[in-house]
Amino acid sequence: MIRDIINEIKGNNYPIPSLDDAKVDVWASWFKGDVKNIHNYTGFDGRDTFRLKLKTMGMAKRICEDWADLLLNERTDIVLSNDDATKQLNKILRETNFWVKANEGIEKTFALGLGAFVIGVDNIQVGVNSGEIKKDNGKLRIDFVDRFKITPITIENKVITESAFTVEGSKETHYIVHVRDEKGIYIIHNFTYDNEKKEITNEYKFDTKSSKPLFYMIRPFIVSNDLMRNYDTDLGVSIFANAIDTLQAIDTKYDSFDNEFIAGRKRLFTNEEIWNVHNKKDGTIAKEFNPLQSIFYKLPARDDGSKVEDSSGPLRATEHILALNTELSILSDKCGMGVGYYKFDGSGAVTATQVVSENSNLFRSVKKHEILLEAALY
């Protein structure tokens, strides 16, 4: 639907950049921590097949959370040259809940490779004949839109200058298309699609009378591996796009670590002689052990005279922790945080104590990503 609308506005022959949805879906599944055929897979015990669930540390999401906190945190502030203007701006940012949306937006953007801040105005009136704008009751709105709802239209000088956005609801779907006219002025086309009637029920366009866009794209400042001959799409790439194998290795070792404790759980094997005993008062047979205690397991009677056998073996906890720390170090390095940003202490992944100095890889990465983020905030 959205591409049909764009073609209607820009013309059927307009070259709309193509999106690689398959890769974005893979990034989204790792962000969720549930990747098909990896976290849900089939096992075989020599006779039967059965479904298995691979446990996950959720490090793809953790990476994005930490990048959002590094780039937009409580120390982030926007200061204008005029104090009154700064107060007015802060009032707008509070009323639009901007800082929450921005932090969450960066997290999703670093997962999917692309996101956008979209500015809108509610409760404005436009004269049908005169085109006069009455903004007395107008209220600014700032929203974040993730990659799944963005359709880039025009890319110039590595910047997306025209784009469409999809906002889905249970009853209606809204398509908002930001394009420029022949004078470079932005016109916003709005379409309302009725999900039940399967048709567009309302459409209108708004002349912003400005050459400045009301949307601003953000993305991680890294180049996609998918270099194309015809043009550079610059649609962004996930921060962990080149660490998928490492994410899988981490979850494999984490699942193995948990299984080590399951398989090494203490078991005491008893023979039948001491499992059931005769009650001395009435001669009935009673159980010596609580049957709900999984530590005991009954075996058939044996001739060697053994009563209780301990099958517990040593746990390979140290080896698993060492392996996990190795993979976590590789992951943090691949995602621009430097070697050793994460460590596993036996209970989960924690951020290593680290000073962000001007000589660290993390510091340089933060400053690099801030270039694109600062441009959007500006």
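Okay, here's what the table says:
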quantity	calculated
Charge context of N202, other residues only, Cβ under 10 angstrom, K/R +1, D/E -1	-3
Rg and Dmax [Cα atoms of the range 69-132; Å; Rg one decimal, Dmax integer]	16.0, 50
Over the range 1-144, volume per residue of the alpha carbon convex hull, in Å³	217 Å³
Given K91/K158; K10/K149; K32/K198; K91/K212; K101/K198, the pairs whose alpha carbons are separated by over 28 Å	K91/K158; K32/K198; K101/K198
Charged-residue dipole, Cβ positions (Lys, Arg, Asp, Glu), the range 98-229 about Cα centre, Debye nearest 20	320 debye
Heavy-atom accessible area order for F148, F206, F344, largest first, 1.4 Å probe	F148, F206, F344
Those GluC sites (Glu not before Pro) in the range 72-178 that DSSP places in a loop and that have at most 11 other beta carbons within 10 Å	E74, E132
Diffusion constant of the range 113-187 at 37 °C, which comes from Stokes-Einstein with the Kirkwood Cα-pair radius and 0.692 mPa s, µm²/s	228 µm²/s
The range 145-246: Rg to Rh, with Rh as the Kirkwood radius over Cα pairs	1.05
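The values are calculated or read from the model by the stated rules, or taken from the named source; none is laboratory data. Given the structure is predicted, the values throughout are model-derived calculations rather than measurements. So basically every Cβ, Gly included, is an ideal-geometry build from the backbone, and we count neighbours across all protein chains shown. Note: accessible area is taken over every heavy atom of the protein model, side chains too, but ligands, DNA and RNA are not part of it. Shrake-Rupley method; radii C 1.70, N 1.55, O 1.52, S 1.80 Å.
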